[in-house]
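Below is one structure, written out as structure tokens; the observations come after it.
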Amino acid sequence: MYYYDHFYYQNEIPADNKFYVLDSKQGDVNGDGILDDVFLIGTRPYGTESPFRDNITLVIQDGKKGRYIRVRLESNAGYNPTIFLGDFTGDKVDDILISIDSGGSGAIGYYYVYSALNNQPKKIFDYEKFNEEYKYEVNYRNNYKVEVVSKNLNKRYIIDIRYKGKEYLSEIYDANGKLKEPIKGDVMALSGLYPIDFERDGTYELYAIQRIIGRYNADGLGYVQTSLKWNGSRFIPFSQNVAIFG
């Protein structure tokens with residue numbers, strides 16, 4: 001078991017003074033051609049038997065000079081924190097994708113992408129900004145349909161929900177397929193963010209997944225899947241679709 005007692009912030013020392021290495025990867029993240037060490041460290045406030053992690057911090061060790069750089073994460077508590085290294089911007093230098101499960105019933109996650117070019121960490125993707133930007137309307141329609149409208153992309157999707165079964169449908173529709181009353185659903189916050197090299201050119205894109213729900217959180221209707229690529233200053237969508245459960 002590895003832990004570090006010199007990575008904490010002043011006035012934020014955990015009770016046992018131990019920051020554990022939660023995940024680590026090697027890659028050239030500063031662009032000097034030498035492998036750097038990239039860590040996620042954090043505390044285990046409920047002991048080693050609990051999967052919950054707190055005070056999760058990104059630490060980069062310059063492979064040439066050995067100097068440590070710490071990056072404080074805004075959402076720094078959760079489950080299964082992991083690192084992926086890959087080039088998302090096309091500069092042939094590894095960027096850092098951080099994923100943390102919230103552990104809540106909504107199955108949402110916390111996701112960041114950092115560039116550390118020239119040892120200057122810069123956040124280039126923030127899940128909270130994504131959630132704020134990508135807004136939707138979900139409305140049940142007559143004839144066993146649900147309409148999903150992607151506001152910022154001005155797209156409209158129709159889901160046929162007859163696969164949900166007679167018992168489910170009878171609660172919502174009359175015998176003629178007409179809604180008994182207006183019903184709204186929702187699209188949840190980001191629940192998955194995956195690196196995929198769609199063009200097989202060595203530069204990764206981001207594949208974002210959001211759950212579509214009906215009358216309540218467990219009433220899953222499908223997923224909104226949005227593919228994003230770097231345009232030189234930010235990640236922009238180049239494809240979006242809706243998928244239903246098979």
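The values are calculated or read from the model by the stated rules, or taken from the named source; none is laboratory data. From a predicted model like this one, the values you see are computed outputs, not experimental measurements. No Cβ is skipped: glycine too gets one built from the backbone with ideal geometry, and neighbour counts run over all protein chains shown.
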Exercise. Within segment 167-186, is there a residue that is touching a residue at least 60 places away in the same chain (Cβ under 8 Å), closer than 21 Å to residue 239 by Cα and assigned to a strand (DSSP E or B)?
Worked result: no
Exercise. On the given criteria, is residue 140 surrounded by 15 or more Cβ atoms within 10 Å (Cβ to Cβ) and in a strand (DSSP E or B)?
Worked result: yes
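Yes/no per residue for (1) farther than 22 Å from residue 98 by Cα; (2) in contact with a helix residue (DSSP H, G or I) (Cβ under 7 Å, 6 or more places away or on another chain); (3) hydrophobic (A, V, I, L, M, F, W, C):
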residue	(1), (2), (3)
163	yes, no, no
173	yes, no, no
180	yes, yes, no
243	yes, no, yes
Exercise. Just wondering, is there one or more residues in segment 89-106 that are within 20 Å of residue 217 (Cα to Cα), in contact with a Lys or Arg (Cβ under 9 Å, 6 or more places away or on another chain) and surrounded by fewer than 16 Cβ atoms within 10 Å (Cβ to Cβ)?
Worked result: yes
For this session: Select, from 207, 157, the only residue that is outside any helix (DSSP H, G or I), within 18 Å of residue 126 (Cα to Cα) and not charged (D, E, K, R).
Result: 207
For this session: Determine, yes or no, whether residue 227 is under 18 Å from the mean Cα position of the chain (by Cα) and modelled with pLDDT of 95 or more.
Result: yes
For this session: Being among the hydrophobic types (A, V, I, L, M, F, W, C) and in contact with a Phe, Trp or Tyr (Cβ under 8 Å, 6 or more places away or on another chain) is the filter; apply it to segment 205-220 and report the residue that is farthest from residue 130 (Cα to Cα).
Result: 212
